[in-house]
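Input: a single structure, listed below in structure tokens.
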Amino acid sequence: MATKKTTPSHLEEILWKDAAPGGVIYETGNAQKYKTGAWRSMKPIWNEEKCKHCMLCFPVCPDSSILVKDQKMTGIDYDHCKGCGVCVEVCPFKVFDYVVEE
């Protein structure tokens with residue numbers, strides 16, 4: 001005989017119908033509030049000598065971890081980079097090495 005599933009009391013107030021469509025997060029841009037770099041399993045390493053400063057990596061970084069000054073990349077903010085690898089994939093000049101986080 002199957003047992004009846006019950007919702008834990010602390011979750012009774014949280015309803016799926018109250019969730020945003022598609023699981024969209026409306027509070028964007030909150031990555032700077034939290035140092036999430038320790039979550040990484042992979043790490044992009046920027047090679048400044050190869051970089052042409054085309055800035056294709058900048059708009060695709062979901063955590064705003066591409067550091068820029070005077071319209072040129074100056075590094076990576078590893079406190080917030082989660083190592084997703086989007087910058088590595090989008091770069092036409094292959095300026096990033098993608099390595100296992102130590």
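Key figures
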{"item": "Distant-in-sequence amide H partners of residue 98 (H built 1.01 Å from N, under 5 Å)", "result": "45"}
{"item": "Nitroxide proxy distance, nm - points 7 Å out along Cα→Cβ at residue 38 and residue 54", "result": "3.7 nm"}
{"item": "Under 5 Å, built H, 5+ apart or other chain: amide partners of residue 74", "result": "67, 68, 69"}
{"item": "Local net charge near residue 100, Cβ-Cβ under 10 Å (Lys/Arg +1, Asp/Glu -1)", "result": "0"}
{"item": "Computed over the stretch 30-100: relative contact order in percent, which uses C-alpha pairs under 8 Å that are six or more apart", "result": "46 percent"}
{"item": "For the stretch 52-58, Karplus couplings with θ = phi - 60° (6.51, -1.76, 1.60), whole Hz, Gly/Pro x", "result": "9, 6, 6, 6, 5, 6, 4"}
{"item": "Charge tally in the Cβ shell below 9 Å around residue 83, where Lys, Arg are +1 and Asp, Glu are -1, residue 83 excluded", "result": "+2"}
{"item": "Pairs beyond 19 Å (Cα-Cα), from 50/82; 72/94; 43/82", "result": "50/82"}
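Coordinate-derived values only; no laboratory data. This one's a predicted model, so the numbers in the text were calculated from it and none came from an experiment. Here the Cβ is made from the backbone with ideal geometry for all residues, glycine too, and neighbour counts use every protein chain on show.
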